[in-house]
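Please read the structure below before turning to the comments.
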Amino acid sequence: MTLIIVKSPAEVEKMRHAGSLVAEVLQMLREKVQPGITTYELDQLAEKQCVKWKARPAFKGYGGFPFTICASPNDRVVHGFANHDPLQNGDIVSVDFGLIVDGFHGDSAVTIPVGEIDLETQRLLQVTKESLECGIAAAVPGGYLSDISNAVQVRVEQAGFSVVREFVGHGIGRKLHEDPQIPNYGAPGRGPRLKSGMTLAIEPMVNVGLSGVRVLEDGWTAVTVDGKLSAHFEHTIAITDNGPEILTQVIK
Ligand code: MG
Ligand code: MG
């Protein structure tokens, strides 16, 4: 039984605030990424910012996850641990970050190029970002949940890349992970109907090669089975009468 919690306008406003802080952190990290920086340094920057805002990192301690950000370079898909290895020119690094403030969560991810990346890698990032935009565009009142999944999958596969199936997007609110689960593949027109006030984290994970992933011995880090690159983009959105609203964006 899927119970999708519909938020009041006042609750969506709190999530707008949480989302804008998440977006500010990711923007700051994006500006810091360059060859030589480590993911541990990025993790510390994110954590310091949370302390400053009196916001709580959402991932640290979640199921025992040990860091503020998930840092997943190159063939790492999601849930990577920050470490002291310097990022190299030509790498990509997926950074996933969430926080909770005033009782509500924001959750967003971006894949960031390190220095100069090659054309195929640029195309991977572009297509993954576009697949997220396609998924968001399908999040309209009266639509079906799986319309989002299908929109993501179609964009990814028409570009010749593959969608990761082991991890999914999710409802979000007072909890980091609420119903429903949102796979990044599937036929349209299925599952619950979408309603104004639903808040969802949509998050395609896209592989250059095979769709398969495996989890390393740390119990968290997911890597591609073929060692090829993977990208991840995520936004927390609210479904409104006027269509989808991205909550994880910087409010000027
Ligand atoms: Mg996330
Ligand atoms: Mg998420």
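The values are calculated or read from the model by the stated rules, or taken from the named source; none is laboratory data. In this text, all values refer to a predicted model and were calculated from it rather than measured experimentally. Heads up, the Cβs are rebuilt from the backbone with ideal geometry, glycines too, and the neighbour counts pull from every protein chain shown. What goes into the accessible areas is simple: the full protein's heavy atoms, side chains included, and nothing from ligands, DNA or RNA. Shrake-Rupley method; radii C 1.70, N 1.55, O 1.52, S 1.80 Å.
Quick look at the numbers
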| item | result |
| --- | --- |
| All positions within region 76-91 that are surrounded by fewer than 21 Cβ atoms within 10 Å (Cβ to Cβ) and outside any loop (DSSP other than H, G, I, E, B) | PRO86 |
| Within region 135-189, tally of residues that are among the β-branched types (Val, Ile, Thr) and either part of a loop (DSSP other than H, G, I, E, B) or open to solvent by 40 Å² or more (accessible area, probe 1.4 Å) (or both) | 5 |
| Restricting region 59-112 to residues that are in contact with a Pro (Cβ under 9 Å, 6 or more places away or on another chain) and among the acidic types (Asp, Glu), the residue that is nearest to ALA23 (Cα to Cα) | ASP91 |
| Count - residues of region 77-98 that are within 16 Å of ligand 2 (Cβ to nearest atom) and either more than 14 Å from the chain's Cα centre (by Cα) or not aliphatic (A, V, I, L, M) (or both) | 6 |
| Scope region 216-245; condition away from ligand 2 (no atom under 16 Å from the Cβ), in a strand (DSSP E or B) and of a type in the set (D, E, K, R); matching residues | GLU245 |
| Region 82-93 residues that are of a type in the set (Val, Ile, Thr), paired with ones that are part of a loop (DSSP other than H, G, I, E, B) (beta carbon under 7 Å, 6 or more apart) | ILE92/ASN74; ILE92/VAL114; ILE92/ILE117; ILE92/LEU229; VAL93/VAL33; VAL93/LEU87; VAL93/VAL114 |
| Qualifying positions in region 37-60 - open to solvent by less than 60 Å² (accessible area, probe 1.4 Å), away from ligand 2 (no atom under 16 Å from the Cβ) and either touching a residue at least 40 places away in the same chain (Cβ under 8 Å) or small (Gly, Ala, Ser) (or both) | ILE37, THR38, THR39, LEU42, CYS50, ALA55 |
| Residues that are within 14 Å of ligand 1 (Cβ to nearest atom) and not in a helix (DSSP H, G or I), drawn from region 31-75 | PRO57, ALA58, PHE59, LYS60, PHE65, PHE67, THR68, ILE69, CYS70, ALA71, SER72 |
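A quick yes/no check of all residues on (1) touching a Phe, Trp or Tyr at 6+ places or on another chain (Cβ under 8 Å); (2) open to solvent by less than 40 Å² (accessible area, probe 1.4 Å):
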position: GLY191; (1), (2): yes, no
position: GLY219; (1), (2): no, no
position: LYS228; (1), (2): no, no
position: ILE239; (1), (2): no, yes
